[in-house]
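Down below is the structure, laid out as structure tokens.
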Amino acid sequence: MGPQVRAVYVSYDGALDPLGASQVVPYILGLAARGARMSLISFEKPERWVDTGARKALQERLNAAGVSWSPLVYHRRPRLPATMLDIVAGRLRIRRLVRGSGASLVHCRGDIAMAMARWARLAPQVRLLYDVRGFFADERAESGSWRPGGLLDRLVRGIEAGNLQSAHGIVVLTETAVSVLAQRRPSLPPLRVIPTCVDLSLFSPPEPGAPRDYALAYSGSLGTWYMANEMVAFARVASASLRGRTLFLTPQTEEARRAGATPDWAEVRSVAPAEVPRWLRRARAAFFFYSPTPARRATCPTKLAESLATGLPIVANRGVGDLDSILESEGVGVQVESFTEEAYRGAAVRLASLLRDVGTTARCRGLAEKRYSLASGVAAYHDLYHALVREASRPALV
């Protein structure tokens, strides 16, 4: 694979956040285990930083793997000045770490991290890997965070365009996102589709004969683009025909109850992230609905990988990432055609057929092993790291 890669990984999500714990730290540890010399810059929220036990435990894990951790403080308000303050701090830290470590690559997780690296005035041979986690401006405009076409919207879209033009390599979560980026930059640099992955040793099917207390399970946040009312309406219909209760695992328990998840047919609870695999193993199927908007073309839900790894077939709506070309063609789920009771009943009937198929659990797990395993994701990043560094080391053509 060539000489050791030295990389600075920049995440605007905190390593102590649940998302950072599942989607940042495992990749960094995996890359370090493959021989990459990793430095991590993360922006930690004050309320998590005060948990000294969690902070010390993470520091020890990173130290043991030879990873250098350089945390910065995440600022929330006022929104725009706070973000700009963080960008300036990140820019300076990236520049210092790249110079001090001799890094030849900066891995930027998301648009804000990429902007920091672009503005760090790095040497021309340092490669910038733009890890596109979503279409940020589309997401914010669709969620109502700002007005489409307004000053902030135009500013962020300009940053996104600059990020795309400056990237030496790109990672996206979905094949659908590739076509969108190709319209924005016809000549794309080296690109990989690496979907959201999970540790298959944590998420696994239950033992044969283990009790399945719930017909359906939803795991994750509610609100914004998560369609709580529609999910509850579907689950009520499907639970009746599948003869089982529905489990909602969510921090927004009151949101689920307001949407109609009542105790007579549903159980609503909030559990620690480490407890999610155990609860999923008690279900027979999983489900989730996202608002089918343009921003969702870049989405690969973490709950997709978690559910498949647990052996659960999935019910989802159309228009989300690559799901339209995966769930039904791979025999691992069904899709609702519309948000109507008739469509919900039809999806429940097709789901019941999948649940009667003795091969469904194995197909779900097999697809997770093939496409969504942490090991395969780490390997894909590692290969791209080396490709970008080799490209930078080639003599320029005269």
| List the lysines whose alpha-carbon lies under 23 Å from that of Lys303, not counting same-chain residues fewer than 8 positions away? | Lys370
| field | Longest site-free stretch - the chain; sites: trypsin sites (Lys or Arg not before Pro), DSSP loop, at most 11 other Cβ within 10 Å | value | 244-398
| note | Per its Cα gyration tensor (rounded if a/c is under 1.5, else prolate when a/b beats b/c, else oblate), the stretch 297-398 is best filed as prolate
| message | For the chain, what does the relative contact order come out to in percent, with C-alpha contacts under 8 Å and a separation of six or more? | response | 15
| message | Students often forget the sequence filter, so: which lysines lie under 20 Å Cα-Cα from Lys56 once same-chain residues fewer than 8 apart are removed? | response | Lys45
| remark: Yeah, the stretch 104-208 with a ≥ b ≥ c from its alpha-carbon gyration tensor (a/c under 1.5 is rounded, else prolate when a/b outruns b/c, oblate otherwise) is oblate
| Restricting attention to the stretch 299-398, which chymotrypsin sites (Phe, Trp or Tyr not before Pro) occupy a DSSP loop and are surrounded by at most 12 other Cβ atoms within 10 Å? | none
| MRE, 222 nm, helices only [DSSP H, n ≥ 4, -39500 (n - 2.57), over the chain, to nearest 500] | -13500 deg cm²/dmol
| remark: Stretched fully, the stretch from Glu47 through Glu391 gains (0.36 nm per residue minus C-alpha distance, one decimal, in nm) 119.7 nm
| Förster-model FRET efficiency, 22 Å R0, Arg282 and Ser353, C-beta, rounded to 0.05 | 0.50
| said: Using the basic label-point model (7 angstrom from Cα toward the beta carbon), what is the Arg185 to Arg79 distance in nanometres? | reply: 2.6
| field | Global geometry of the stretch 58-136, whether rounded, prolate or oblate, following the gyration tensor of its Cα atoms and the 1.5 cut on a/c | value | oblate
| field | Within the accessible area of the stretch 246-398 (1.4 Å probe), percent carbon and sulfur | value | 54
| note | For the chain, the per residue accessible area (1.4 Å probe, Å²) is 44
| said: Need one number: % antiparallel among DSSP beta bridges in the stretch 219-352, to the nearest 5. | reply: 15
| field | Gln4-Asn63 pseudo-label distance in nm [points 7 Å out on the Cα-to-Cβ vector] | value | 1.9
| request: Can you pull the one-decimal nm distance between simple spin-label points at Ala240 and Ala33, each 7 Å off the Cα toward Cβ? | output: 4.8
| Kirkwood-Stokes translational diffusion coefficient of the chain, alpha-carbon pairs, 25 °C, 0.890 mPa s, µm²/s | 111
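The values are calculated or read from the model by the stated rules, or taken from the named source; none is laboratory data. All of these numbers come straight from a predicted model, not from anything done at the bench. Cβ: placed from backbone, ideal geometry, glycine included. Neighbour counts: every protein chain shown. Keep in mind that these areas ignore ligands, DNA and RNA; they rest on the heavy atoms of the full protein, side chains included. Shrake-Rupley method; radii C 1.70, N 1.55, O 1.52, S 1.80 Å.
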